[in-house]
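The structure under discussion appears below in the form of structure tokens.
The values are calculated or read from the model by the stated rules, or taken from the named source; none is laboratory data. Because the structure is a prediction, the values reported are computed rather than measured. Heads up, the Cβs are rebuilt from the backbone with ideal geometry, glycines too, and the neighbour counts pull from every protein chain shown. The accessibility values were calculated without ligands, DNA or RNA, using every heavy atom of the protein model including side chains. Shrake-Rupley method; radii C 1.70, N 1.55, O 1.52, S 1.80 Å.
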Amino acid sequence: MKRNKWVLISVATLLGIAPAIEIANNGHTVQAATNKAVMHTAIAYDKDGNKTGKKYYSYQYVTVESNPVKIDGSLYYKISGKDQYLKATNIDGVTRKITHNTYIYKSSNGRTYYGNHRWKLYKGETVTTYGGSYKFKNGKHYFRVAGPRKQYIKSANLGPVVRVNTVMGPDSNASNPVTNKPTNSTNTKPTSNEETTVTVDANYSTPIITFDNSGKVVKVRTATPGEKFTVDYKETGYRANKVAGYIGQFGGDQAIYRIKGTNNWLYSMGVKVAKDIPSHYYDYEHFSIIQFIKETDAYNEDGTKIDLKGQKIRKQSGQYKVDKLLYIWVPTEQKAELFYHLVTKRLDADHNYFTVKDAYVKASDVEFHGVKLTPSNTPEEAQAAALKK
């Protein structure tokens, strides 16, 4: 595959789009609702462009209407069911050209790697940046380029915006101010709102892939540049991320499209889509997942806190899979509370990470997504089990 032709853009952990359909407030237009990750802390505005006082933080997931709108000349996504709008640049970002060879930084004096373990990007390449620049302690400005690990590039090493990454849907009231309007194909008429035509980009060598019985990515063949396909399913999340890893390029909002009538898939970064279709987030349909909405403690099965050396699991440190929901008697509180059991053995704290055998977190401390779990016991049973010990 000709990897050098891929635009270098970033991935956030388990970024995804959740399936949803809602009726718009104005009339009876059916709009697809999309679950997107906020990549840069965003202030919410109302339809008139006034600040609402609500703030959405980096790597928080929000359900927005798929079609962006323009307010005072800028593109915004409307929060589904609310009079709240977020600037699209805080979600999709924009593409800029690198004007000077640059390192990637995690702090004023600390470097880190980017994408496929690259420590340096070069003049002439392009990169996606999110939101406005940050001023670091050294007085210099940096743009965020990835996440959830801290990854920034000096503003001085980047040129002006060359492309807005937000794609307009056919029903959008906004026109893209930069040249990235979607290419429409008229060869195939979709028969449902989950069908569209995709065209393989002439500049990419895009593989057609499938998944074997173990879920491993398997290449079927390389699509011909300009080849058109009818697709009937768009998927994001775990499997799309696996394809991104197989190809070696990440987009921060990567998806895969199923070729109609087959179990073969195309990666979103290599195709142009005639129209947006509803997205299905694989993780939410197959796993039970939590997010930390605040700094919180981890507990053992007996209700005692796990010693994290005075630290807590950090807020918005990504998504964690859970496999059990149960009541645990907490001795210090003298009551039973609902806890999720974490599948992972690694806990990310404020300034470190810890490996644990088993960890439980209070249901009240987290936000839950995906396949619903039912408590395996009752508060009374948890108390009785604790008393026996």
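Structural remarks
Quick grid of which residues meet (1) touching a residue at least 60 places away in the same chain (Cβ under 8 Å); (2) over 30 Å from Y340 (Cα atoms); (3) surrounded by 18 or more Cβ atoms within 10 Å (Cβ to Cβ):
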| residue | (1), (2), (3) |
| --- | --- |
| T210 | no, yes, no |
| T222 | yes, yes, no |
| G245 | no, no, no |
| Q254 | yes, no, yes |
| F287 | yes, no, yes |
| I290 | yes, no, yes |
| A298 | yes, no, yes |
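- V231 being open to solvent by 40 Å² or more (accessible area, probe 1.4 Å), outside any helix (DSSP H, G or I) and out of contact with any His (no Cβ under 8 Å at 6 or more places or on another chain): no
- Filtered by the rule that a residue be among the polar types (S, T, N, Q) and within 14 Å of I247 (Cβ to Cβ), the stretch 211-232 gives a lone residue, T222.
- Of the residues in the stretch 302-313, none is closer than 21 Å to Y238 by Cβ and open to solvent by 30 Å² or more (accessible area, probe 1.4 Å).
- Where a residue in the stretch 306-321 is over 24 Å from T332 (Cβ atoms) and its partner, wherever it lies, is in a loop (DSSP other than H, G, I, E, B) and of a type in the set (K, R), with Cβ under 7 Å and at least six apart: none
- From the list K324, K272, the one residue that fits, being closer than 30 Å to E227 by Cβ and in a strand (DSSP E or B), is K272.
- Any chance K294 is among the basic types (K, R), surrounded by fewer than 19 Cβ atoms within 10 Å (Cβ to Cβ) and closer than 23 Å to M39 by Cβ: yes
- Residue in the stretch 337-356 that is open to solvent by 50 Å² or more (accessible area, probe 1.4 Å), in a strand (DSSP E or B) and of a type in the set (D, E, K, R) present: yes
- Condition check for K321: touching a Lys or Arg at 6+ places or on another chain (Cβ under 6 Å), open to solvent by 20 Å² or more (accessible area, probe 1.4 Å) and under 17 Å from D365 (Cα atoms): no
- The stretch 269-283 - residue that is farther than 14 Å from N241 by Cα and not β-branched (V, I, T) and, of those, nearest to the chain's Cα centre (by Cα): S279
- Considering the stretch 282-318, the residues that are part of a helix (DSSP H, G or I) and either at pLDDT 95 or above or touching a Gly at 6+ places or on another chain (Cβ under 6 Å) (or both) include one that is farthest from Y56 (Cα to Cα), namely Y282.
- Filter result for A386 (hydrophobic (A, V, I, L, M, F, W, C) and open to solvent by less than 30 Å² (accessible area, probe 1.4 Å)): no
- Subset of the stretch 99-109 (residues that are open to solvent by 40 Å² or more (accessible area, probe 1.4 Å) and either without any contact (Cβ under 8 Å) to a residue 12 or more places away in the chain or touching a strand residue (DSSP E or B) at 6+ places or on another chain (Cβ under 7 Å) (or both)): T99, N101, Y103, K106
- Test: residue in the stretch 89-98 that is part of a strand (DSSP E or B), open to solvent by less than 20 Å² (accessible area, probe 1.4 Å) and at pLDDT below 90: yes
- The residues of the stretch 145-157 that are at pLDDT 90 or above and either open to solvent by 20 Å² or more (accessible area, probe 1.4 Å) or among the charged types (D, E, K, R) (or both), listed by number, are K154, S155, A156, N157.
- Residue match in the stretch 45-55 (condition: within 17 Å of the chain's Cα centre (by Cα), modelled with pLDDT of 90 or more, of a type in the set (F, W, Y) and surrounded by 15 or more Cβ atoms within 10 Å (Cβ to Cβ)): no
- Checking each residue in the stretch 32-68 for being of a type in the set (G, A, S) and part of a strand (DSSP E or B) picks out A32, A33, A37, A42, A44, G53.
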